[in-house]
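A short worksheet on the structure shown next.
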Amino acid sequence: MTDWLTDNKLPIGPWAKAVVDWLTNNAYWVFDGISAVLDALIASILWLLQAPGPLTAVVIATALAWVVRRKLSFAGFVAASLLLIINQGYWEETTETLSLVIAAATVCMLIGVPLGVAAAHRPRLYAAMRPVLDLMQTIPTFVYLIPALILFGLGMVPGLIATVIFAIPAPIRLTQLGVSSTPRQLIEAGEAFGATKSQLLWKVELPYALPQIMAGLTQTIMLSLSMVVIAALVGADGLGVPTLRALNTVNIARGFEVGIAIVLVAIVLDRFFRKDENGGKTQ
C-alpha cells in the first residue's frame, strides 16, 4: 500500500512550477509594475533616512521620541541606541533595514486593516481566510522565496514580498478581533443617533479597535525585523548581510555587534508605537 501511494503521488510540485512558469511568461508586466512601485517606495524611505546624515538623523529621531512619549528617558535611550549603532559602523545597514521594515509595515497595514474590517463584518469571509492566514505564517519562508525570486528578481523587492507574506496575518487577525469585539451597546447607541454604516465604522468601531490595530502594527514591525536575514538571502541590503557574513565565517564578534543593532532597532520601534494596557502610551 505504501509503495502504491509513493508511486502514484500527486504532482503538487509540478503543478506549482507550472503556475509560476505561466505567470512568468504571461503576467511578467504585472510583476514588473509591482516591482517598480515597491522599489520606488523603498528608495524614497531610504533617501529620507540617509539624506540628513547620521548625526542629524539622531537629533531628529531623539526629538520625535520626546514628542511622542514626553519622556526624557526614552529620548535618551533612542539617542544612545543610534549613537551606538553609528559607533559600531552599521548606520548604513540599519537605515537599509529600516527602509525595508517601514515599507513592509506600510504595505501590511494598507492591505491588512481593510481585510480585517471586512473579515469582522463577514464571518464567512474570515472563516475562509483563516486557513490561508495559518498557511502564510507556518509555511517555511524558503518555499515562497523561490517563486518570489523568480518573479521579482534579486534585490529588496523579493525580500519585501516575503516579509509581507509572513507578517500580514498579524494586522488582519488583530484588526478583525478589535472590530468584531466592539460592544453591541456602542453600535446600538450609534444606530439610535442615526449613524450610517460608514459612520459607525469610522466613529465607533475603528476608534474602539485602535489599540488592537496598533498592536497589529507593532507585531508587523517585529515580524519584519525577524526577516532581515531571510531577505538578505535574495539580495536585500541591510543588517542581514553582515549577519550572514558573520555566520559564514563563524565571526562571533561581528555576529554579536549586528545582533545588538537589530535588538536596539526593535526596542526603539516597539516603544514608538506601543500603547499600555490603560490605553495611554507606554512611558
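Listed values, structure above:
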item	result
Length released on extending from Gln137 to Arg184, taking residue separation times 0.36 nm less the Cα-Cα span	13.8 nm
Residue-count net charge about Ala79 - beta-carbon cut-off 14 Å; Lys, Arg +1, Asp, Glu -1	+3
Surface per residue (accessible, 1.4 Å probe) for the chain, Å²	56 Å²
Rg in Å to one decimal, and Dmax rounded to a whole Å, for the chain via C-alpha atoms	21.8, 70
Reachable aspartates and glutamates, given that their alpha-carbon falls under 15 Å from the alpha-carbon of Lys197 and they are not under 8 places away in the same chain	Glu188, Glu205
Solvent-accessible area, 1.4 Å probe, carbon plus sulfur percent, for segment 140-214	70 percent
Alpha-carbon Rg with Dmax, taken over segment 179-234, Å	17.5, 56
Relative contact order (%) - criterion: Cα under 8 Å, at least six apart; region: segment 143-239	46 percent
Residue-averaged 222 nm ellipticity for the chain, from DSSP H runs of 4+ at -39500 (n - 2.57), nearest 500	-26000 deg cm²/dmol
Descending Cα extents along the principal axes, segment 71-113, whole Å	36, 28, 6
Charge dipole (debye, nearest 20) of the chain; +1 at Cβ of Lys and Arg, -1 at Cβ of Asp and Glu	800 debye
Kirkwood Rh in Å, taken over segment 93-219 so that all alpha-carbon pairs contribute	15.9 Å
Under Karplus coefficients 6.51, -1.76 and 1.60, residue-wise ³J(HN,Hα) of segment 93-106 in Hz, glycine/proline x	5, 5, 5, 5, 5, 4, 5, 5, 5, 5, 5, 5, 5, 4
Relative contact order %, the chain, counting alpha carbon pairs below 8 Å whose residues are six or more apart	22 percent
Sites Val37 and Ala253, calculated FRET efficiency, Cβ-Cβ separation with R0 45 Å, nearest 0.05	0.70
Heavy atoms of Ile161: accessible area, 1.4 Å probe, square angstrom to 10	40 Å²
Computed P(r) (all Cα pairs; segment 1-119; 10 Å bins; percent)	11, 23, 25, 17, 14, 7, 4
With DNA, RNA and ligands ignored, accessible area of Ser181 (1.4 Å probe; Å², nearest 10)	60 Å²
Coarse-grained scattering of segment 135-283 at q = 0.17, 0.21 Å⁻¹, given as base-10 log I(q)/I(0) from a Debye sum over alpha-carbon atoms	-1.00, -1.22
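The values are calculated or read from the model by the stated rules, or taken from the named source; none is laboratory data. This one's a predicted model, so the numbers in the text were calculated from it and none came from an experiment. Positions of Cβ are backbone-derived with ideal geometry, glycine not excepted, and every protein chain shown enters the neighbour counts. Note: accessible area is taken over every heavy atom of the protein model, side chains too, but ligands, DNA and RNA are not part of it. Shrake-Rupley method; radii C 1.70, N 1.55, O 1.52, S 1.80 Å.
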